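Please read the structure below before turning to the comments.
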Amino acid sequence: MTTQGLRDLTRLKNMLWEHPLKYMVPAIHQLDRTEIDALHSIQFSHQLLNVFLRKPDFHLDESLLIEAMSALERCDRDHYNLQNGVGQNLLELSVECLLKNRSRASHGNQLIAHLASRVANINRIQSTSSWTNSGLTTVLMDAVIVADTGLAKVLMDNGADPNAKGGRGHDCHYVNESTNKQIISHQEAYLDFKAMFLLHEHQQTLLSKRPTRPAL
């Protein structure tokens, strides 16, 4: 990128950041493809989520964050799979931020549903995780480790598989047994996860038995 291009990009980024999100979103809608591609080159979507999801009242902006993500996908839907410096796509970054906010209740679940429905592989093994020394987990595994049943359900509703194995060969069943079962305060979550996983198995069995329509 030329020096002039860098100056233009800096000016564009500063212009967006100087406005509240409710004014930033309409501004994003006015950008052309070249400008949006430039924002993707500096991981603007990651910056946006990282800043707003760490605010204690982020839920007030949740619908606007979703709209901003949609506006940024106009020219390149694949921006959901772009990775930041530690290898996180937009879903993985958002899950990490929300799992660190233990008082969030169900706030953020709509955003997660939006991101989860758009990433290329919701069961991707992460290279980093705040809850294991080596990473090598899926986002669903992280939700199980933290005992966030609400977030886990949203992920599973959008295709996260509790049977998917992480980098160490373990799945969510193993993670639930080796973590939540051992922690007294997590006993309710432990049982909830077992029920969720059993229901998932039942649903998958029903799908596998569904008759296929013969080709005409």
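No value in this document is a laboratory result; all are computed from the given coordinates. Every value quoted in this text rests on a predicted model; they were computed, and no experiment measured them. In this analysis, Cβ positions are derived from the backbone assuming ideal geometry, glycine residues included, and neighbour counts consider all displayed protein chains.
Structural remarks
- Debye-sum result for the chain in log10 I(q)/I(0), which assumes one identical scatterer on each alpha carbon, at q = 0.19 Å⁻¹: -1.35
- Derived from the Cα gyration tensor, the three semi-axes of the equivalent ellipsoid of segment 126-210 are 21, 16, 11 Å, largest first.
- Other residues within the sphere of radius under 9 Å centred on the Cβ of VAL139, judged by their own Cβ, net out at -2 (K and R +1, D and E -1).
- Positive-end residue of SER208, PHE44, LEU82, charge dipole of the chain with Cβ unit charges: SER208
- Span-rule helices in the chain, defined as complete DSSP H runs reaching 27 Å or more along the axis (Cα) with Kyte mean at least 1.6: none
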